[in-house]
Structures are given as C-alpha cells and as structure tokens.
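Participant: Got a structure here, written out as structure tokens. Questions coming.
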Amino acid sequence: GGFGGGGGELAPGKKLRVGYLSGSGFWNSTTTARSMRSQYALHDRARVEIWCYACQGDDGSEPRAVIKNGCDKFVEAAGWGHQRVAEKIKADGINVLVDLTGYTLNTQTEVMAIGPAPIQVSFHGFPGTMGADFIHYLVADRRTASPDHQEHFTERLMLVPHTYLTNDHKFSRREALLAPGDPLYAQQAPSLAEFGFEESDIILCSFNQLYKIEPEVFGVWMDLLKAEPRAKLWLLRFSIQGAANLQKQAEKAGVDPNRIVAHDQFPRAREFRIKSLAHLFLDTPLFNAHTTAGDMLWSGVPILTLPGDNFAQRVASGMVKAAGLPWMVARNLDDYRALALALMKRPKKLAAITATLREGREAAPLFDTALLTNDYQRALLMSWDVNEVHGAPFHIVVAGG
C-alpha cells in the first residue's frame, strides 16, 4: 500500500537528502551508470547527502565501484520486494528520490508509486514523460523539453540551462584527446584503409541503432550520396539482415550499395578514435542519438540534428548546442538536407567546424560534468524550496547558459 513520503521537514542547516534508485543496480552494461559515474561524487556535500539504492547485485565493474565510492550511503537492495525498498527509503528520510530507470530494464516504478519520498524525480534513464502522477518532476533542458510543450508531460519540468544528459568522457575517455605528438597516439591508431575508406572519401556516419532510421531520412541520405559522388555512409551493423536491407534500399534508390559501409561495434579502447575518422554525423529525427551524440562530439565529429516534437526527438539539439555548435540544429528536413549538402561541398568549412569542436571540447558545457551536476543540483534544491512554500511541484527553470 501507499504511504506519505518521509523526509518531510528540513531543519535549518540540514542537508537535502537525495536518493538515487537504480533498477539495474548501477551496472556497467547501462549507459546511465557509465555516463553518471563521476556525478555522485561531484554533488556539493555542504548542501546535499547522496544515498544510492541498487536493485541488482555487484557486477564487479569499475563504474559501479566509482559510484559506490562517490555516494554517502550505498544500499544493496538486490532481491528485495518493492515494498521493502520503499520502506527503507522512507525510513532513511530521503527528501528527493530520483528514479534512474523509468520504463527500461528491471523497472522500479512500483517503488515510486508507493511514494516513499515527498519529491520524486525522473532523471537520465528514460527519455520522456512517465505519465504517472507519482513522478513530480522530469529533469530536462530547454531544447529537449521547451516550456511551450509542458502540457504534454504529467510531470512538472525541471529545466537546466545546458543539457540534462550528462556524460563522463572528460574523466574516463581521455584517449579521444590523444594528439599526434603523444607517444601513445601511434598505438592502435586507426587508418582509413583499415575500415575500407580512401583519402578522398567524404565520410558521413550514423552510428545509431538501425531501428531509428526511417524511410524519409534514409531517402535524404541517398539524395546526399547521389549529389556528392565522393561521399560514403558509415553505419554500425547491429544486425546482419538490417544492414543488408539498407544496402538493398540504397540500390533501389540508384546508389551503389558498396557506398553503405557497415561495421560491427568497435573495441572500446579504440572506439572513439575510430569514430573520429568520420567527417559528419547525420542524426536520426525519429529518435535522436542520445549517448551516441555525446560519444561522437567527444570524438570530435560534428553532428547535424533535426529536432522533432517529442522528448526523444529533441535530446541531441541540447547536446549539440552545449558542445558549442548551435548552427548544426536544422529547422526541417529540407534545411537538414541543404545543411548537409553545403558542408559536403565546402570541406574547408566542415574542417573549420571540426577544429572548433575539437579545440573547445574540454571547455564545452556538454563535457563539464561538474557544471552540469551543479546546475541539476540547484534544480533539486529549488524543488525542495518550492515544496516547503507551496506543498506542490511547480516548473523549475535554472538560470544560465
């Protein structure tokens, strides 16, 4: 049964107690654990306490160990029923409970439905509204969930200025920054020939899952290949049949199927350096690159994106802007086609954009995990202040950006 949330009063000088609930148990196999691994430690301990509730056991991974080390209390709740988890969260006096799972793997929605905390927030794991009155806030940014879309969310919006989708690349993926002068650079340095490309090729890529590619955007990609004979399209082969079907579709559109290059997933140690061989990443409007967008921008590859109406179709816009490339957000499909074509026909312009991205990576808000954590923490603190005054959630917009 349900019960009123704990953590109802915050005494003067008392820290806000934030609980993170992970259905996946902060496993390395989830992008949320890998992306947020440093974030728990980066919270300001003068203002907040961080409690983590892991609903699966230890996978022995480095990200989980880093997360466990970075929080104040880590509760191993594998095998517990939802009621027991909720009772523990209430007994611990959690003020703000953050669901990292949403409707993904090993969901903990039932725990949230029991209502163990006075403020309950959806963050990072599920890209969209939970459609549930027991989730009070959804963390987003102004590009991903613009204020004029608020009636489409059951939650109140908690809008941060840059991007809500944090990543850990600045700390854990330093290999992308290796310069030619670095002695490590030559080790496993990828070459164009190794992946079936020639020096003269213009490499367009889309490393998104194949289900995100629908006929309309694929038709635009084929138009681009027909307009620029040196261009090739580089995809990941998530399924042999899927990649083969796209090659067949290219042939039907009058494009040589050999210009669609498909590879299996790249080994992690080389992944970002291999991906950096591409000249331009073409995003999928149906469902944007989310984690992949952060990977590509950290690899130094500009992204062309086209925002749609729903949350999952708008995430890359916030990320591209936070990487310092606001002009790479198209207004419609014709604009997307024209922008891509202009960049392909003007390689010096594309090279200049790439250089801007690579030189600015370490300073860009997108990769400033401490900044993003601080913005998001300000939103959590504001949610508590609003609750104290009004006893109900209100939209929260954190200034900046």
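The values are calculated or read from the model by the stated rules, or taken from the named source; none is laboratory data. Computed from a predicted structure; not experimentally measured. Counting neighbours? That spans all protein chains shown, and the Cβs are built from the backbone with ideal geometry, glycine included. Side chains included, ligands, DNA and RNA excluded: accessible areas come from the protein's heavy atoms. Shrake-Rupley method; radii C 1.70, N 1.55, O 1.52, S 1.80 Å.
Participant: Pick out the one residue from Ala186, Ala176, Ala231 that is small (Gly, Ala, Ser) and more than 28 Å from Pro307 (Cα to Cα). If you could, list the steps in order and put the result at the bottom.
Facilitator: Values: Ala176 fails: more than 28 Å from Pro307 (Cα to Cα); Ala231 fails: more than 28 Å from Pro307 (Cα to Cα).
None of the other options fit; the residue is Ala186.
Participant: On to the next question. Quick one: which of Gly300, Gly294 is assigned to a loop (DSSP other than H, G, I, E, B), open to solvent by less than 20 Å² (accessible area, probe 1.4 Å) and more than 22 Å from Val220 (Cβ to Cβ)?
Facilitator: On the way: Gly294 fails: assigned to a loop (DSSP other than H, G, I, E, B).
From the options Gly300, Gly294, the qualifying one is Gly300.
Participant: One residue is enough: does segment 315-323 have a residue meeting the conditions part of a loop (DSSP other than H, G, I, E, B), out of contact with any Ser or Thr (no Cβ under 7 Å at 6 or more places or on another chain) and open to solvent by 30 Å² or more (accessible area, probe 1.4 Å)? Break it down into steps so the answer makes sense when it comes.
Facilitator: Applying the first criterion (part of a loop (DSSP other than H, G, I, E, B)) to segment 315-323 yields 323.
Still in the list and also out of contact with any Ser or Thr (no Cβ under 7 Å at 6 or more places or on another chain): 323.
Narrowing further to those that are open to solvent by 30 Å² or more (accessible area, probe 1.4 Å): none.
No, segment 315-323 has no match at all.
Participant: Looking at segment 115-126, which of its residues are modelled with pLDDT of 95 or more and open to solvent by 20 Å² or more (accessible area, probe 1.4 Å)? Break it down stepwise before answering.
Facilitator: Here is the first cut: in segment 115-126, the ones modelled with pLDDT of 95 or more are 115-123.
The answer is Pro118, and nothing else.
Participant: Right, something else. In the list Thr154, Thr144, which residue meets the criterion of being farther than 19 Å from Ile67 by Cβ, of a type in the set (S, T, N, Q), touching an Asp or Glu at 6+ places or on another chain (Cβ under 9 Å) and outside any strand (DSSP E or B)?
Facilitator: Details: Thr144 fails: touching an Asp or Glu at 6+ places or on another chain (Cβ under 9 Å).
Criteria check complete, one pass: Thr154.
Participant: Follow-up question, since we're still on this one. Here's a check for you: in segment 100-114, which residue that is free of Cβ contacts under 8 Å to residues at least 60 places away in the same chain, more than 14 Å from Glu155 (Cα to Cα) and not charged (D, E, K, R) is surrounded by the fewest Cβ atoms within 10 Å (Cβ to Cβ)?
Facilitator: Tyr103
Participant: May I ask you to list pairs of residues, at least six apart or on different chains, whose Cβ atoms are under 8 Å apart, with the first in segment 254-274 being in contact (Cβ under 8 Å) with a residue 40 or more places away in the chain and the second being surrounded by fewer than 14 Cβ atoms within 10 Å (Cβ to Cβ)?
Facilitator: Pairs found: Val261/Gly196; Ala269/Gln188; Arg270/Gln188; Arg273/Gln188; Arg273/Ala189.
Participant: How many residues are among the small types (Gly, Ala, Ser) and assigned to a loop (DSSP other than H, G, I, E, B) if we restrict to segment 331-347?
Facilitator: Here is the first cut: in segment 331-347, the ones among the small types (Gly, Ala, Ser) are 338, 340, 342.
The next check asks that each one be assigned to a loop (DSSP other than H, G, I, E, B); those that pass are none.
Final tally of qualifying residues: 0.
Participant: Let me ask you something else. Which residue, of Asp72, Asp59, Asp141, is crowded, with 22+ Cβ neighbours inside 10 Å and of a type in the set (D, E, K, R)?
Facilitator: Numbers: Asp72 fails: crowded, with 22+ Cβ neighbours inside 10 Å; Asp59 fails: crowded, with 22+ Cβ neighbours inside 10 Å.
When all the criteria are applied, what remains is Asp141.
Participant: Can you name every residue in segment 157-167 that is in a loop (DSSP other than H, G, I, E, B), in contact with a Leu (Cβ under 7 Å, 6 or more places away or on another chain) and open to solvent by less than 20 Å² (accessible area, probe 1.4 Å)?
Facilitator: Within segment 157-167, the first condition is being in a loop (DSSP other than H, G, I, E, B), and the residues that meet it are 161-167.
Checking which are in contact with a Leu (Cβ under 7 Å, 6 or more places away or on another chain) leaves us with 162-163, 166.
If the condition is that a residue be in a loop (DSSP other than H, G, I, E, B), in contact with a Leu (Cβ under 7 Å, 6 or more places away or on another chain) and open to solvent by less than 20 Å² (accessible area, probe 1.4 Å), then Thr163, Thr166 are the ones that fit.
Participant: Keeping to segment 348-377, report how many residues are closer than 20 Å to Asp168 by Cα, open to solvent by 40 Å² or more (accessible area, probe 1.4 Å) and in a helix (DSSP H, G or I).
Facilitator: Of segment 348-377, the ones closer than 20 Å to Asp168 by Cα are 357-377.
Then keep just the ones that are open to solvent by 40 Å² or more (accessible area, probe 1.4 Å); that gives 358-359, 362-363, 368, 370-371, 374.
Filter once more, keeping what is in a helix (DSSP H, G or I): 358-359, 362-363, 370-371, 374.
Count: 7.
Participant: If you go through segment 264-289 one residue at a time, how many are open to solvent by 10 Å² or more (accessible area, probe 1.4 Å), among the charged types (D, E, K, R) and over 19 Å from Phe197 (Cα atoms)?
Facilitator: 1
Participant: In addition: Take segment 303-314 and flag every residue that is touching a helix residue (DSSP H, G or I) at 6+ places or on another chain (Cβ under 6 Å) and either charged (D, E, K, R) or open to solvent by 10 Å² or more (accessible area, probe 1.4 Å) (or both).
Facilitator: Going residue by residue through segment 303-314, those that are touching a helix residue (DSSP H, G or I) at 6+ places or on another chain (Cβ under 6 Å) are 303-307.
Passing the criteria: Leu306, Pro307.
Participant: Another question about this same structure. What are the residues in segment 1-50 that are at pLDDT 85 or above and of a type in the set (Asp, Glu), if any? Give the derivation first.
Facilitator: Step one: list which residues in segment 1-50 are at pLDDT 85 or above, which gives 14-50.
Residues satisfying the conditions are Asp44, Glu49.
Participant: Continuing with the same structure: Quick check, is Ile94 at pLDDT 95 or above, surrounded by 18 or more Cβ atoms within 10 Å (Cβ to Cβ), β-branched (Val, Ile, Thr) and touching an Asp or Glu at 6+ places or on another chain (Cβ under 7 Å)?
Facilitator: Details: at pLDDT 95 or above: yes; surrounded by 18 or more Cβ atoms within 10 Å (Cβ to Cβ): yes; β-branched (Val, Ile, Thr): yes; touching an Asp or Glu at 6+ places or on another chain (Cβ under 7 Å): no.
Answer is no for this residue.
Participant: Among the listed residues Ala355, Ala323, which satisfies the condition of being small (Gly, Ala, Ser) and over 25 Å from Arg37 (Cα atoms)?
Facilitator: On the way: Ala323 fails: over 25 Å from Arg37 (Cα atoms).
Ala355 is the lone residue from the list that is small (Gly, Ala, Ser) and over 25 Å from Arg37 (Cα atoms).
Participant: Based on what the data block shows, is Ala330 under 22 Å from the mean Cα position of the chain (by Cα) and either of a type in the set (A, V, I, L, M, F, W, C) or open to solvent by less than 30 Å² (accessible area, probe 1.4 Å) (or both)? First the steps, then the outcome.
Facilitator: Working: under 22 Å from the mean Cα position of the chain (by Cα): yes; either of a type in the set (A, V, I, L, M, F, W, C) or open to solvent by less than 30 Å² (accessible area, probe 1.4 Å) (or both): yes.
The answer is yes for Ala330.
Participant: What pairs can you find where one residue is in segment 332-359 and over 24 Å from Lys226 (Cα atoms), the other is among the small types (Gly, Ala, Ser) and open to solvent by 20 Å² or more (accessible area, probe 1.4 Å), and their Cβ atoms are less than 8 Å apart, with a gap of 6+ or different chains?
Facilitator: So the pair list comes out as Thr356/Gly324; Leu357/Gly324.
Participant: Run Gly400 past the list (1) at pLDDT 95 or above; (2) of a type in the set (Gly, Ala, Ser); (3) not in a helix (DSSP H, G or I) and report the number of the one that doesn't hold.
Facilitator: So Gly400 meets the others, but not (1).
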